[in-house]
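What follows is one structure encoded as C-alpha cells, with my remarks underneath.
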Amino acid sequence: MATLSTNIQYLKGVGEKRAQLYGKLGIACIGDLLEYYPRDYIDFSHPSSIAAAPFDKPCAIRAKVVSKSPEQRIRKGLSLFKVLVTDEQNDMLVTFFNAKYAVSSLKEEEIYLFYGKAAGRFNRREMASPLVFPNDPNLAFSPIYPLTEGLSSKMIAANVQQALSVTDGLERDPLPAVLRENHRLCSRKSALQNIHFPTDETALLGARRRLMFEELFYLNLALGQVKRATQKESAAPMKPVSMDTFYSLFSFTLTGAQQRAIGDCLADFCRSTPMNRLLQGDVGSGKTMVAAACAYFAAQNGYQTAMMAPTEILAFQHYQTWSKLFQNTDISVGFLSGSLSAAAKRQVKEQLAAGQIQIIVGTHALLQDSVSFCQLGLVVTDEQHRFGVSQRMALTQKAQAGQFPHVLVMSATPIPRTLAFIIYGDLDLSILDEMPQGRRPVKTYLIDPPKRERAYGFIRKHLDMGEQAYIVCPLVEQGENSPEGLESAVEEAKYLAQKVFSGYAVGILHGRMKATEKEQVMADFQSGRIHLLVATTVIEVGVDVPNATVMMIQNAERFGLSQLHQLRGRVGRGKTESFCILVSKRTDSPRLQAICKTNDGFRVAEEDLKLRGPGDFFGLRQHGLPAMKLAGLLDDMALVEQTRSAALTILQSDPELSLPEHSELKKRTGQMLTTAGA
C-alpha cells in the first residue's frame, strides 16, 4: 500500500513524463494529488433530451449511436468524422475533428453520454467535439480539473481513483472525533471520495464543507499559535505618561474612533506581554495620527519606534508628516531608504544605534542586518498587506534580547471584521470607523471614452480655480505585448501636455523612475508647481495633496474595486468638493457601477470579494500564509466563525497540541507555520 507521501510515480500510468506534467501543477506525491480538487463538474445526474438541450451552455445528453460516416479529409492535417445519435425521440449529428481513435471506439446501437454545447435548429440538433462517457447509471458527476498541456481531466480522475483505492491511512482522520460530531462533519476519507467523485449534490456539499472547515481550522490554529508565542515574550516595559503635550500639537480634535484606538494601544503598552494590534481604517480615517501617538508614548518611555512603509514615496511622506508634527519637541525623526547615498545611510544608522533618533521611518531597508537600534520598543508597519508575516517578525527581532517590541499594523484596505480575524488572526483589532471633520465624500462618475473630451474640460475648469488633478493610467508605457486600447502614463502625459493641457504644468510619476525623480515630482505637485499629475498606481497609497480635487482613471475596468477605492482616496483630502471620473468602455460593469454608489470602503471591499473572490482581492500568500484550496472566505462566514471558535477552544485546553489526539493537528499547523516563515 502507498502512503500520502508516496511519489506520484507509484500510480499506474504515471511515468517520468506524466510526473513532470504533474510537477507543473504542484503535485509531487499522492497526498498532493488527493488535495488537487476539481474546479467544476459535469453533471450527469439530469441528462437533457436532444430537443430540450439549451443553445447557450454545455449539457449532457444520453443517446444511442445510430451510424458513423466514413472519415472526411478536409485538408492536410484535418479530418472530420460524423456520428448520428438518437434518444429515440429526436436525432442529433455529432461531429469530431482528428478523433479517429475516439470515433472507432464508439459502437453502433450502444448508448453513451455526450457532453458539449448543442447547436443547430430545433428540428436538427448538432454537437461538435463533445466529451464522450460510457453510459454508467452510477455516474452522477464527472470532475473537471485545472489542467496543463498534456494532462486531461480523464487522466487525473483515473489517477485519483487509483490513489483512493491504494493509499493506506485514509481512515485515520486528523480532526478529533468530538470536533467532527459537534460540527456535523463527514470523515476525511468520505470527503476526499466525494469531492472528486460525488454520488449526488448532497454528498458534494458535505465534502466541500468538511474540507473548507479543515482548511480554515488549520489556519486559525496556526495563527493562534503565532499569537500565543508572542504572548509568551516579555514586552518592552512602559508606564503611563500624560498625552496632553501630544494632543496640543494639533489644531483640531481627533475623532472618537482615533481616541478609542489610541486608548487600546496605550493600554497594551502597559501590559507585560507585547502589543500585536491591527489598526484598520478607510482611506483618510487618520491612522497615521494614531501611530504618531503610539510613537510619542514610546519615546516618553525611552524607546525608539521603527515605521516601515512599502514604497519610498509613502515612507518619505510619513517622514515629512512626522518631522513637521514633532518639530518643536525633543523627538528626532529619521529616514532610511535604499536610494540614500552611502554616507547618508551610514550617518542615519550611527545615530539610530546611538539612540539619537527616536523615530525612524523607512522602507524594506530597515530590515538590513546593518541596521541596529539602541532601544527598539515599537514597530509600525503601514499597508500591512504588502508585507509578509516573516518581514514583520524580522523587524521585531532587532529589539534588545529578552524584550519583544510592541507591534502596530496599519491597513487602509477595509475588510469585514470576521475576515480580518482570519487574515490577521494573530493580532488584536482596532477599527477607525469615523472620518475627520470637514472630509466630504468624493463624487464618482462612470463615463465611456467618447465623453473623455468633456471630462478634460471639467478638469480644466478646476485647474483654473487653482485646484489640482490626477490622471491615472494602467500602463507605464506601451510595449510590444501591451493590450490594444490601454492608456500608458508616458504617452498620455506627452499628449496631454502638448494638446489638451498645453497651458498648464503637467507632471508624470511611475514606478520605473528613480527615487530622487519621484520625490522631486511629488514635491512639485505638493507645492502646486505641477497642476496635473499623470501617474500609474504608484500613487495608490499614502500620497496626500489636499489641493487635488479631481481624479480621472483611464481603463478603469483594469483595476480591482478596492484598488479603485484606494486611488479615489487621493482626492477629497481637503475641504473642497472632489470628484473621481472612471473612464471605461464597460459602463454596464456591475463592479464599476458599485463603486459609484458608495464611498464606504468596507462596502466596496465586500462587493470586491463577492465579485472577484478572496484569491484575487487579498491573497493569503501576501501575508506569508498558504493559499486556500477550497475556502472562499466570504462564501460561508458562519463557517469562518465556527472554525475560529473551534481552534480557540482546542488551544485553550491544549495550547501546545501535545495530547495524542492532537498529534496530526500539531504536524499540520507546524507545516503551515514553516511555510509562512513565522
- Query: L486: aliphatic (A, V, I, L, M) and either open to solvent by 10 Å² or more (accessible area, probe 1.4 Å) or touching a Ser or Thr at 6+ places or on another chain (Cβ under 8 Å) (or both), yes or no?
  - Reply: yes
- Message: Please verify whether L378 is under 22 Å from K514 (Cβ atoms) and either at pLDDT 95 or above or among the hydrophobic types (A, V, I, L, M, F, W, C) (or both), treating the condition exactly as stated.
- Response: no
- How many residues, within the range 108-135, are part of a loop (DSSP other than H, G, I, E, B), surrounded by 11 or more Cβ atoms within 10 Å (Cβ to Cβ), among the charged types (D, E, K, R) and out of contact with any Pro (no Cβ under 7 Å at 6 or more places or on another chain)? 1
- What are the residues in the range 471-502 that are outside any helix (DSSP H, G or I), farther than 17 Å from R558 by Cα and modelled with pLDDT of 90 or more, if any? F501, S502
- Message: Return the residues of the range 74-85 that are surrounded by fewer than 19 Cβ atoms within 10 Å (Cβ to Cβ) and among the β-branched types (V, I, T); say none if nothing qualifies.
- Response: I74
- Item | Flag for A394 being under 25 Å from the mean Cα position of the chain (by Cα) and either modelled with pLDDT under 80 or in a helix (DSSP H, G or I) (or both) | yes
- Item | strands (runs of 3 or more DSSP E) contained entirely in the range 246-341, each with at least 2 residues that are open to solvent by less than 10 Å² (accessible area, probe 1.4 Å) and under 30 Å from R440 (Cβ atoms) | 276-281
- Task: Could you grab the pairs with beta carbons closer than 8 Å, sequence gap of 6+ or different chains, first residue in the range 236-264 and at negative phi, second one open to solvent by 20 Å² or more (accessible area, probe 1.4 Å) and part of a helix (DSSP H, G or I)?
- Result: P240/L266; V241/Q300; M243/L266; L249/L325; F250/M289; L254/Y247; L254/M289; Q258/M289
- Query: So which residues in the range 29-59 are among the aliphatic types (A, V, I, L, M) and either in contact with a Ser or Thr (Cβ under 9 Å, 6 or more places away or on another chain) or without any contact (Cβ under 8 Å) to a residue 40 or more places away in the chain (or both), if there are any at all?
  - Reply: I30, L34, I42, I50, A52
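Conditions tested, residue by residue: (1) touching an Asp or Glu at 6+ places or on another chain (Cβ under 7 Å); (2) under 27 Å from A344 (Cβ atoms); (3) at pLDDT 90 or above.
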{"residue": "V521", "(1), (2), (3)": "no, yes, yes"}
{"residue": "I539", "(1), (2), (3)": "no, yes, no"}
{"residue": "R568", "(1), (2), (3)": "no, no, yes"}
{"residue": "S578", "(1), (2), (3)": "no, no, yes"}
{"residue": "A594", "(1), (2), (3)": "yes, no, no"}
{"residue": "D600", "(1), (2), (3)": "no, no, no"}
{"residue": "A605", "(1), (2), (3)": "no, no, no"}
{"residue": "K610", "(1), (2), (3)": "no, no, no"}
- Of all residues in the range 416-443, how many are surrounded by 21 or more Cβ atoms within 10 Å (Cβ to Cβ), at pLDDT 70 or above and within 22 Å of the chain's Cα centre (by Cα)? 3
- Query: Which of (1) at pLDDT 85 or above; (2) more than 25 Å from the chain's Cα centre (by Cα) is the odd one out, the single condition G402 does not satisfy?
  - Reply: (1)
- Task: With the condition kept exactly as written, say whether any residue in the range 93-103 is over 26 Å from A157 (Cα atoms) and modelled with pLDDT of 95 or more.
- Result: yes
- Task: Taking the options A140, A177, name whichever one is in contact with a strand residue (DSSP E or B) (Cβ under 9 Å, 6 or more places away or on another chain) and either open to solvent by 20 Å² or more (accessible area, probe 1.4 Å) or among the small types (G, A, S) (or both).
- Result: A140
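Name every residue in the range 192-202 that is within 25 Å of G13 (Cα to Cα) and assigned to a helix (DSSP H, G or I), in order of residue number. Write out each step before concluding.
The first filter runs over the range 192-202 and keeps only residues within 25 Å of G13 (Cα to Cα), leaving 192-198.
Listed by number, the residues that qualify are L192, Q193, N194, I195, H196.
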- Message: Here is a check on your reading of the model: is F617 aromatic (F, W, Y), at pLDDT below 85 and outside any loop (DSSP other than H, G, I, E, B)?
- Response: yes
- Item | From the options L151, L170, L216, L185, residue that is at pLDDT below 90 and assigned to a loop (DSSP other than H, G, I, E, B) | L170
- Query: So which residues in the range 645-677 are in a helix (DSSP H, G or I), of a type outside the set (S, T, N, Q), under 14 Å from N220 (Cα atoms) and at pLDDT 85 or above?
  - Reply: A646, A647, L648, I650, L651, L665, K666
- Tally the residues that are of a type in the set (G, A, S) and open to solvent by 30 Å² or more (accessible area, probe 1.4 Å), restricting the search to the range 1-14. 2
- Note on the structure: Filtering the range 73-107 for residues that are of a type in the set (D, E, K, R) and in a helix (DSSP H, G or I) leaves a count of 1
- Note on the structure: Restricting attention to the range 32-58, the residues that are part of a helix (DSSP H, G or I) and surrounded by fewer than 18 Cβ atoms within 10 Å (Cβ to Cβ) number exactly 1
- Looking at (1) without any contact (Cβ under 8 Å) to a residue 24 or more places away in the chain; (2) over 26 Å from A207 (Cβ atoms); (3) surrounded by fewer than 16 Cβ atoms within 10 Å (Cβ to Cβ), which is the only condition G26 fails? (2)
- Task: Filter the range 180-225 for residues that are surrounded by fewer than 20 Cβ atoms within 10 Å (Cβ to Cβ) and β-branched (V, I, T) and give the result.
- Result: T199, T202
- Item | Filter pass, R62 being part of a strand (DSSP E or B), of a type in the set (K, R) and free of Cβ contacts under 8 Å to residues at least 12 places away in the same chain | no
- Query: Quick check, is Q356 over 21 Å from L254 (Cα atoms) and open to solvent by 20 Å² or more (accessible area, probe 1.4 Å)?
  - Reply: yes
- Query: With (1) open to solvent by 50 Å² or more (accessible area, probe 1.4 Å); (2) free of Cβ contacts under 8 Å to residues at least 60 places away in the same chain as the list, and A99 as the residue in question, which single condition is left unmet?
  - Reply: (1)
- From E88, E71, which residue is farther than 17 Å from P134 by Cα, open to solvent by less than 70 Å² (accessible area, probe 1.4 Å) and more than 47 Å from the chain's Cα centre (by Cα)? E71
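The values are calculated or read from the model by the stated rules, or taken from the named source; none is laboratory data. Computed from a prediction, not measured in an experiment: that's the story for all the values here. Glycine gets a Cβ as well: all are built from the backbone with ideal geometry, and neighbour counts include every protein chain shown. To get the accessible areas, we keep the full protein, side chains included, count just its heavy atoms, and leave off ligands, DNA and RNA. Shrake-Rupley method; radii C 1.70, N 1.55, O 1.52, S 1.80 Å.
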